[in-house]
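Worksheet: one structure, shown below.
The values are calculated or read from the model by the stated rules, or taken from the named source; none is laboratory data. These numbers were taken from a predicted model, which means no experiment stands behind them. Here the Cβ positions follow ideal geometry from the backbone for every residue, glycine too, while neighbour counts run over all protein chains shown.
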Amino acid sequence: MLRTRSALALLALTLTVGCDDGDPAPAQQGADGAVTADAGADQAVADQGAGDMALADMAPADMAPDMAPPDMDPPAPGEPGPFAVGFHVETIEYAAPELEAPRPLDLHWWYPTAASEGERVRYGNLLLRPEVFGGAPPLADLADAPVLVFSHGNGGFGEQSYFFTEFLASHGWVVVAPDHTGNTFTDSSADFWRLFELRPTDIHAVADYVDALPADHPLAGRVHPSLRALAGHSFGGYTTLAVGGAGYAVDALLAACEAPPAGQEEACAFTVRAADRFRAGFADDRFQALIPMTPAGNTLFGGEPGLAGVQTPTLMMTAGRDATLPNAAEGDPLWAGITQPDSLRVDFPNAGHFSFSNACDLPVEVAANDGCGPDFLPVAEAYPIINGLAMAFLKRHVLGDDTDAALLDPASDFGGDDVTRTVVGE
């Protein structure tokens with residue numbers, strides 16, 4: 001439930017102290033997908049008051065998307081798939097609530113390719129990805145590929161968790177991740193309280209675009225018309241739950257705004273104007289699976305239906321040593337509100353907030369005290385577990401494939417002592 005001293009602005013404050021995603025953040029987007037990196041969680045908190053990461057042709061058409069060609073052994077769970085990864089960047093626009101001009105979104109796409117070369121791809125203007133091929137053609141026989149949309153953290157950027165997005169593409173998935181305009185490391189121009197609406201509407205716009213790709217788009221005719229999943233990290237986890245149907249504590253928000261705290265007058269004026277839109281919520285039933293990673297939102301979701309409004313199978317991933325969004329304040333109460341029976345929580349007891357991003361790859365100290373460094377589960381060990389569990393969940397709930405379902409069982413030894421699993425109601 002919402003604390004009573006402010007409305008949307010309160011969650012903004014919560015995110016200031018907690019949602020800083022230390023994942024790489026975008027600076028200037030170049031033809032090679034370059035973006036600048038996050039200056040660090042502490043600086044983002046100080047400066048923004050919000051801080052998510054402040055940073056061969058495909059085998060036969062009936063082959064499952066992540067299946068290896070017949071002459072290859074299937075990869076172990078969590079390991080890269082048999083396909084090379086292509087990359088594409090573009091910008092779209094859509095009409096967002098209360099904005100006079102169209103809202104632009106930079107989209108970052110990953111997809112399977114048979115290419116062995118392409119344009120240079122560099123993430124964050126720092127991390128060259130020679131194994132990713134910019135502008136490479138999709139697999140010649142790629143058709144009906146499932147699509148995952150990824151939402152970055154506050155002050156982050158679309159490419160921030162490339163360990164995950166590249167992994168999915170190598171298994172035959174198409175992944176698209178928008179930069180949430182006004183909420184990236186190099187662009188904090190959006191009023192923070194506006195982002196609680198703009199972020200989910202950004203996802204709606206991306207889903208609309210995927211559903212009607214222009215004929216000249218490199219992936220036109222390549223994606224399945226309805227196989228969709230949504231994932232996000234930190235503030236992107238909030239975004240994922242919002243689009244999944246979580247309800248807002250609107251009455252509490254309005255009550256808190258009856259006497260706005262000093263400096264929150266504008267945020268409260270927006271709360272009053274947008275109350276009916278938040279009451280209606282931002283659910284989008286086009287997604288068959290949700291994967292919120294270290295999500296935020298406990299101070300905002302509530303009322304009726306609250307988190308019971310999430311009726312899509314949800315794989316919630318949390319970190320036991322998350323200092324940005326501690327489990328006690330976010331992960332635990334958010335999970336307690338989930339009632340969808342096919343949902344699962346996986347917690348990494350010795351991981352931190354940024355263990356679900358590539359912040360630890362940056363040549364600057366972004367999240368040393370919240371996921372990076374010798375005191376935490378090494379990300380090289382965390383990533384395959386995250387990927388393996390996510391893929392098993394996506395297979396089951398998007399593709400109807402239980403090949404790896406045993407990995408999701410609480411008794412599974414996949415991940416060993418580095419992960420715990422909890423089913424709904426436990």
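Taking the conditions exactly as written (β-branched (V, I, T) and either more than 20 Å from the chain's Cα centre (by Cα) or modelled with pLDDT of 50 or more (or both)), does V85 satisfy them or not?
yes
When the stretch 347-372 is filtered for residues that are in a helix (DSSP H, G or I) and buried (at least 22 other Cβ atoms within 10 Å of the Cβ), the ones remaining, listed by number, are H353, F354, S355, F356, A359, C360. Of everything listed in (1) part of a loop (DSSP other than H, G, I, E, B); (2) crowded, with 19+ Cβ neighbours inside 10 Å; (3) not aromatic (F, W, Y), the single unmet condition for V176 is (1). In the set (1) within 20 Å of the chain's Cα centre (by Cα); (2) under 25 Å from N125 (Cβ atoms); (3) not β-branched (V, I, T), R345 fails one condition alone, (2). Looking across the stretch 335-346, the residues that are buried (at least 17 other Cβ atoms within 10 Å of the Cβ) and within 17 Å of T420 (Cα to Cα) come down to W335, S343, L344, R345, V346.
Filtered by the rule that a residue be over 15 Å from A359 (Cα atoms) and either crowded, with 24+ Cβ neighbours inside 10 Å or of a type in the set (V, I, T) (or both), the stretch 373-389 gives I385, I386, L389. Scanning the stretch 274-329 for residues that are part of a strand (DSSP E or B) and farther than 24 Å from P97 by Cβ gives A289, I291, M293, T314, L315, M316, M317, T318, A319.
Would you mind stating whether D66 is assigned to a loop (DSSP other than H, G, I, E, B), farther than 22 Å from F157 by Cα and modelled with pLDDT under 55? For D66, the condition - assigned to a loop (DSSP other than H, G, I, E, B), farther than 22 Å from F157 by Cα and modelled with pLDDT under 55 - is met. Scanning the stretch 310-328 for any residue that is over 20 Å from the mean Cα position of the chain (by Cα) and small (G, A, S) turns up at least one such residue. Annotation note: of G320, G331, the sole residue that is within 21 Å of L377 (Cβ to Cβ) and surrounded by fewer than 18 Cβ atoms within 10 Å (Cβ to Cβ) is G320.
Whether a residue is of a type in the set (D, E, K, R) and buried (at least 20 other Cβ atoms within 10 Å of the Cβ) was assessed, and R421 does not pass this test.
Taken as a whole, the condition of being in contact with a Leu (Cβ under 8 Å, 6 or more places away or on another chain), charged (D, E, K, R), at pLDDT 95 or above and farther than 17 Å from L168 by Cα applies to R421.
Here's the yes/no breakdown for (1) closer than 30 Å to V223 by Cβ; (2) among the basic types (K, R); (3) assigned to a loop (DSSP other than H, G, I, E, B):
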{"site": "A336", "(1), (2), (3)": "no, no, no"}
{"site": "F376", "(1), (2), (3)": "no, no, yes"}
{"site": "A382", "(1), (2), (3)": "yes, no, no"}
{"site": "H397", "(1), (2), (3)": "yes, no, no"}
{"site": "R421", "(1), (2), (3)": "no, yes, no"}
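State whether one or more residues within the stretch 124-136 are at pLDDT below 95, over 13 Å from the mean Cα position of the chain (by Cα) and in a strand (DSSP E or B). Within the stretch 124-136, one or more residues are at pLDDT below 95, over 13 Å from the mean Cα position of the chain (by Cα) and in a strand (DSSP E or B). Per the listing L99, L139, L128, L105, the residue uniquely surrounded by fewer than 20 Cβ atoms within 10 Å (Cβ to Cβ), under 22 Å from Y209 (Cβ atoms) and out of contact with any Leu (no Cβ under 6 Å at 6 or more places or on another chain) is L99. Assess whether L139 counts as being on the phi < 0 side of the Ramachandran plot and under 19 Å from the mean Cα position of the chain (by Cα). So L139 does not fit the description; no. Name the residue that is modelled with the lowest pLDDT, counting only residues in the stretch 247-273 that are part of a helix (DSSP H, G or I) and in contact with a Lys or Arg (Cβ under 8 Å, 6 or more places away or on another chain). Across the stretch 247-273, the extreme among qualifying residues is A256.
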